[in-house]
C-alpha cells in the first residue's frame, strides 16, 4: 500500500510539482546544451537565442519525462513504501493521477511550441529531433514496451541526453551536422547515464520485485559497478582525443579537474548501500554538470 505524506506540514501543490520535476536530475538537461553551445562558439556558429530556446526545451522534456516516470512507476507498483529514493509525489498522494497526466501533457506541449521556433530557425530536421525526444521521454516508462522496464533505459539516456541533446544543440546554431559534436556528446551521455546507473543500482531489489528489468536487475551489481567505471573512463578519454587528434588547445583538459570527484564516486559505489546511495546519486548529477561546464569552457577557450 502507498502511504499518504505524513509530515506535519505537507508540501504545497506548487512545491509538490517542483518535487516531481526532480530538480537534482535537471543537470542532465543542462550539460548537453552547454557542450553543444561550447562547440558552436569554438566553430564561430554561436546563436544566443537558439541556445536559450534549446536549453528551455531540454529542461521541459526532462521535466516531462520525470512526470511520466513518476506516474507510471506509481501505476506499475515500482514506487511504494519500500522505496529508498527521494519522495515520489503520486506514491505520497500529493498529486493525483489525473493531475499528473494533465501536467505531463502541458509540459510536453510547451516544449513542442517553443521548439517550433527552432524548426523555423534551423529547418525541419529539428522537428524530427523534437518529436522523437518527446516520444522517447514518454516511452521511457509508458506504453506497451516501456524502455526503463526492459533494459533499454541506459541506451535511451545516452542517446537522447547525450548524442541527441549535444548534437541537436550544435545543429540549431550551426545549422549543419558535425562529427566533432558527436564525439563531444560521448562524455555528456556517459556521465548522465551514470545517474541512472546509480539509481538502478540502489533500487535493484525493489525493481526486481516490481518486474522492472533494468540492466542492474538483469546483469547484477558487479556489472553495474563496472558499467559506472567504464562510462567515467570513456568520458575522460574524449578530451585527450580532441587534443591529440583534432588540434584543440590545452584548455580542453579542464574537465580533468573533476577526476578527484570521479574517484570519490567510484569508492562510494563500492562502499555505500541503500539510502546512503542517494548521496552518490546527487554527486553523480553534480559531476555531469560540472564536467559539462568545464568541457564547454575548454571547447570555447
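Where a number appears in this text, it was derived from the coordinates with a stated rule and is not lab data. Computed from a prediction, not measured in an experiment: that's the story for all the values here. FYI the Cβ positions are ideal-geometry reconstructions off the backbone, even for glycines, and counts take in every protein chain you see.
Computed from Cα atoms, the angle from the helix 27-42 axis to the main principal axis of the chain rounds to 10 degrees. Size descriptor for region 174-301, Kirkwood hydrodynamic radius: 15.5 Å (Cα pairs only, one decimal). Sorting 72, 67 from the fewest to the most surrounding beta carbons within 10 angstrom yields 72, 67. As a length-normalised measure over Cα pairs under 8 Å and 6 or more apart, the relative contact order of the chain settles at 25 percent.
Diffusion coefficient (Stokes-Einstein, Kirkwood radius over C-alpha pairs, 10 °C, 1.306 mPa s) for the chain: 81 µm²/s, rounded to a whole number. The long axis of helix 165-174 is offset from the longest Cα principal axis of the chain by roughly 40 degrees. Fewest neighbouring Cβ atoms within 10 Å first, the residues 235, 56, 288 line up as 56, 235, 288. Here region 12-163 is treated as a Stokes sphere of Kirkwood radius computed over C-alpha pairs; at 37 °C and 0.692 mPa s its diffusion coefficient rounds to 202 µm²/s. Against the main long axis of the alpha-carbon atoms of the chain, helix 125-139 sits at an angle near 20°.
Of interest is the spacing of the C-alpha centroids, which for region 204-282 and region 85-151 amounts to 25 Å. With Cα atoms as the point set, region 77-227 shows a radius of gyration and Dmax of 17.3, 49 Å. Residues 70, 176, ranked from the fewest to the most other C-beta atoms within 10 Å, line up as 176, 70.
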